[in-house]
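Comments concern the structure below.
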Amino acid sequence: MKRDTFGSPAPRTAQGAAAPERAPLIELSGITRSFVNGEVVTQVLHGIDLAIYPGEFVAIVGASGSGKSTLMNILGCLDRPSSGTYLFMGEDVAGFDRDELARLRREAFGFVFQSYNLIGGATARENVEVPAVYSGMPPAERHARAEQLLAALGLAERTRNRPSQLSGGQQQRVSIARALMNGGRIILADEPTGALDSKSGEEVMKLLRQLSAEGHTIILITHEREVAEQAQRVIEIRDGRVLSDPGPQPPQGPEPDFTPHIDRSSPLSDVIEAGRTALRALRANLFRAILTLLGIVIGVASVIAMLAIGDGAKQKVIDQISAMGTNLLTVRPGAPNQRGRDTTATLVIEDVRAIAELPNVRASVPEQGASVTLRYGNTDQRTSANATSAEYVLARNWDVASGTFFSTADEARYATVAVLGQTTARALFADADPIGHYVLVNNIPFQVIGVMTPKGATPWGQDQDDIVFVPFTTGSLRLTGQRFLRNVTVAVEDVALIDDTQAEVSKLLLARHGVEDFQIRNMASVIATVTETQNTLTVLLGTVAAISLIVGGIGVMNIMLVSVTERTREIGIRMATGARMRNILQQFLIEALVVSAVGGLIGVAVGLGSAAIIASFDTPIQYSVMPVVLAFGCAFATGLIFGWLPARKAARLDPVVALASE
């Protein structure tokens, strides 16, 4: 088929010029139309044969229920016949798909309806521009053409008025301007004067006669005989059959030349125009859009805040365990999974020295604990004593804040020296410098030679700084009276080989003791276990938060379905003026995506702000890019997924059904 777009007609040639033989513009043969309602089949049109030539002014007249509106819908490609042949410029339109029919309506037809069918939220100029939007006419060009058409129809001062601000006659003139926007080679006017007073009706008929004189093909549908008689050709229809037809009445002179209008639409321009239309629709229903946003905002904010809390808690636990050392093996007395007997007397100092000789061992440190009372002046402090070796600071990677740690020489001479933790030092000395002072440890004087850097609490809440360190030899002799160890701490050189070192330590102790009366804990595996547990909790928190995001997405879908239902007539208007399926699909899909994207951005801000507020209450928070990207991406995907169904429903509406909706 020749699928040119049509602009305004060129002027006729002078009277008396030879008129070439014309071919029908529209030719119907044996057209029927039936409607099925359950098991009931109602046939409205019965074998209509009709030929309409270019430039004719045809009136189809008949009583209500005669089938004239159904015939107009078929002529305007708003509906398909049940049987028969419809030729447009010699081509059968039966093989056209929905978008090809939309293009035909956009390029060749202009519709003037009894109820005007203007888009309520758009101005007069925007209503006139609708066909040009779908033909890809640049904004500046279509603005100028719309204003020119409105001015020619006496509405120059009303271009920015909405339909509710116009009289019935003015609204009908706006619809005529819209019909002419893309050239309007064929004007289909369905009861154009039916809703107007007599004066306005006369003005509309005058416009139609003028358009006919300019070369437009006018097809007028009416039930009023006096209106129909203003046409050149009057076809009477009754009970779905042509009752009378005087036959074609070709106008004098050559056929008008409609300058082809090039369709300049492109996917990018379609998306831009769909975005503008979507934003206008959202602005018209701002309160509803805000309520829809709220669900997305809550969902995104929850995901970001929950994951920040979960990651913060995980990092805090990992930091606490890491502070204890990630390259450590802790050997404790007692057989694995054995209870009910004394298992404390299994590790001795000789085991420590033997372990120190193994490969990949940086330090092997004995630890012997006791609960002691420290006194300085009139201040007492109940704390824990750790009798250990000079290599403790190396094994635990724990530095001295002031003074020094005791040495191997101090161990050898059983020196009564002590190193205090930060909590213990503050309790006994407040802000004073404890170095060089003597404290009583269980009534035994020890000289303070150092204070450790702060370590903080363990994951299980124990204050690591509430402690006093003494040489192992001194503590074993004067504080505990024991030679058996609470545990042995082994620091490895290469963490990657820590599992091999653990196996070597186990093998050594098993050979020395003859039985497995010890337990070895690998701090690296502890961190891995804790990390896995925290990850599970974080996923749980994120899942709970994601549920609210899904609920928000369902809210978007519900609102969009309501929007499609409320704007069904608008969809029909857009389809009648040439909107393709993709144009309608893009418009409603972009509405859903805009709601989801804006809600996602606000949700990101709210989520980060909420996390900051929570962090001000000393709750560990960790910010990262991934949860933000994940939450926003999910919001956008939610809009895409949950907006698709309503948008698809809108795009698949039948134009004639959509126009008939209330």
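Can you find, within the stretch 225-240, the residue that is nearest to residue 34 (Cα to Cα) among those that are among the charged types (D, E, K, R) and surrounded by 15 or more Cβ atoms within 10 Å (Cβ to Cβ)?
Taking the candidates together, the pick is 238.
All but one of (1) over 30 Å from residue 313 (Cβ atoms); (2) modelled with pLDDT of 80 or more hold for residue 629, so report the exception by its number.
Residue 629 satisfies every listed condition except (1).
How many residues, within the stretch 572-592, are out of contact with any Pro (no Cβ under 6 Å at 6 or more places or on another chain) and either at positive phi or modelled with pLDDT under 85 (or both)?
Going through the stretch 572-592 one residue at a time, the tally reaches 2.
Assess whether residue 431 counts as being among the charged types (D, E, K, R), surrounded by fewer than 20 Cβ atoms within 10 Å (Cβ to Cβ) and more than 27 Å from residue 328 (Cβ to Cβ).
Answer is yes for this residue.
Starting from residues that are part of a loop (DSSP other than H, G, I, E, B) and modelled with pLDDT under 90, keep the ones in the stretch 123-137 and report whichever is surrounded by the most Cβ atoms within 10 Å (Cβ to Cβ).
For the stretch 123-137, the residue satisfying everything is 137.
Is it true that some residue in the stretch 78-85 is of a type in the set (S, T, N, Q), in contact (Cβ under 8 Å) with a residue 40 or more places away in the chain, under 28 Å from residue 210 (Cα atoms) and part of a loop (DSSP other than H, G, I, E, B)?
Within the stretch 78-85, not a single residue is of a type in the set (S, T, N, Q), in contact (Cβ under 8 Å) with a residue 40 or more places away in the chain, under 28 Å from residue 210 (Cα atoms) and part of a loop (DSSP other than H, G, I, E, B).
Pick out, from the stretch 560-662, the helices (runs of 4 or more DSSP H) lying fully within it that include 2 or more residues that are surrounded by fewer than 18 Cβ atoms within 10 Å (Cβ to Cβ) and not polar (S, T, N, Q).
Details: elements: 568-576, 581-615, 625-651, 655-660.
Where helices (runs of 4 or more DSSP H) fall fully within the stretch 560-662 and carry at least 2 residues being surrounded by fewer than 18 Cβ atoms within 10 Å (Cβ to Cβ) and not polar (S, T, N, Q), they are 581-615, 625-651, 655-660.
Of all residues in the stretch 283-311, which are over 17 Å from residue 612 (Cα atoms), surrounded by 20 or more Cβ atoms within 10 Å (Cβ to Cβ) and of a type in the set (S, T, N, Q)?
The answer is 292, and nothing else.
Specify which of the listed residues (524, 496, 528) is surrounded by 15 or more Cβ atoms within 10 Å (Cβ to Cβ), modelled with pLDDT under 85 and assigned to a helix (DSSP H, G or I).
524
Tell me which residues, restricted to the stretch 25-54, are assigned to a loop (DSSP other than H, G, I, E, B) and either at pLDDT below 90 or loosely packed, with under 15 Cβ neighbours inside 10 Å (or both).
Once the filter is applied, which keeps residues that are assigned to a loop (DSSP other than H, G, I, E, B) and either at pLDDT below 90 or loosely packed, with under 15 Cβ neighbours inside 10 Å (or both), the stretch 25-54 yields 38, 39.
Tell me whether the stretch 150-160 contains one or more residues that are assigned to a loop (DSSP other than H, G, I, E, B), charged (D, E, K, R) and more than 28 Å from residue 231 (Cβ to Cβ).
Yes, because at least one residue in the stretch 150-160 is assigned to a loop (DSSP other than H, G, I, E, B), charged (D, E, K, R) and more than 28 Å from residue 231 (Cβ to Cβ).
Filter the stretch 148-189 down to residues that are in contact (Cβ under 8 Å) with a residue 40 or more places away in the chain and among the aliphatic types (A, V, I, L, M), then give me how many there are.
Result for the stretch 148-189: 12.
Restricting the search to the stretch 367-380, which residues are under 26 Å from residue 409 (Cβ atoms) and either in a loop (DSSP other than H, G, I, E, B) or among the small types (Gly, Ala, Ser) (or both)?
Residues satisfying the conditions are 369, 370.
For the stretch 394-411, what are the residues that are touching a residue at least 40 places away in the same chain (Cβ under 8 Å) and either among the aromatic types (Phe, Trp, Tyr) or out of contact with any Gly (no Cβ under 9 Å at 6 or more places or on another chain) (or both)?
394, 398, 399, 405, 406, 410, 411, listed by residue number.
Filter the stretch 257-275 down to the residues that are buried (at least 18 other Cβ atoms within 10 Å of the Cβ) and among the hydrophobic types (A, V, I, L, M, F, W, C), then identify the one that is modelled with the highest pLDDT.
Filtering the stretch 257-275 down to residues buried (at least 18 other Cβ atoms within 10 Å of the Cβ) leaves 258, 261, 263, 265, 270, 273-274.
From what is left, the residues that are among the hydrophobic types (A, V, I, L, M, F, W, C) are 258, 274.
Numbers: 258: 61, 274: 78.
Among those residues, the one meeting the criterion is 274.
Within the stretch 92-115, track down each residue that is part of a strand (DSSP E or B) and of a type in the set (A, V, I, L, M).
Passing the criteria: only 112.
Under the condition of being modelled with pLDDT under 90 and in a loop (DSSP other than H, G, I, E, B), which residue from the stretch 193-222 is farthest from residue 111 (Cα to Cα)?
197
Out of all the residues in the stretch 161-184, which are assigned to a loop (DSSP other than H, G, I, E, B), surrounded by fewer than 24 Cβ atoms within 10 Å (Cβ to Cβ) and in contact with a helix residue (DSSP H, G or I) (Cβ under 7 Å, 6 or more places away or on another chain)?
Within the stretch 161-184, 161, 166 meet the criteria.
What are the residue pairs meeting all of these: first residue in the stretch 480-504, first residue touching a residue at least 40 places away in the same chain (Cβ under 8 Å), second residue part of a helix (DSSP H, G or I) and hydroxyl-bearing (Ser, Thr, Tyr), Cβ atoms under 6 Å, and 6 or more apart or on different chains?
Short answer, once both residue conditions are applied: 483/476; 492/501.
Would you say residue 457 is surrounded by fewer than 22 Cβ atoms within 10 Å (Cβ to Cβ), among the hydrophobic types (A, V, I, L, M, F, W, C), within 55 Å of the chain's Cα centre (by Cα) and farther than 26 Å from residue 355 by Cβ? Before the answer, list the steps.
Numbers: surrounded by fewer than 22 Cβ atoms within 10 Å (Cβ to Cβ): yes; among the hydrophobic types (A, V, I, L, M, F, W, C): yes; within 55 Å of the chain's Cα centre (by Cα): yes; farther than 26 Å from residue 355 by Cβ: yes.
So residue 457 fits the description; yes.
Go through the residues of the stretch 355-374 one by one and say whether even a single one is modelled with pLDDT of 90 or more and at positive phi.
Yes.
Would you confirm whether or not the stretch 467-482 contains a residue that is of a type in the set (Ser, Thr, Tyr), within 30 Å of residue 432 (Cβ to Cβ) and not in a helix (DSSP H, G or I)?
No, the stretch 467-482 contains no residue that is of a type in the set (Ser, Thr, Tyr), within 30 Å of residue 432 (Cβ to Cβ) and not in a helix (DSSP H, G or I).
So which pairs qualify, if the first residue must be in the stretch 538-562 and at pLDDT 75 or above, the second must be among the acidic types (Asp, Glu), the Cβ gap must be under 9 Å, and the two must be at least 6 apart or on different chains?
Short answer, once both residue conditions are applied: 560/591.
The values are calculated or read from the model by the stated rules, or taken from the named source; none is laboratory data. Since we're looking at a predicted model, the values are computed, not measured. In this analysis, Cβ positions are derived from the backbone assuming ideal geometry, glycine residues included, and neighbour counts consider all displayed protein chains.
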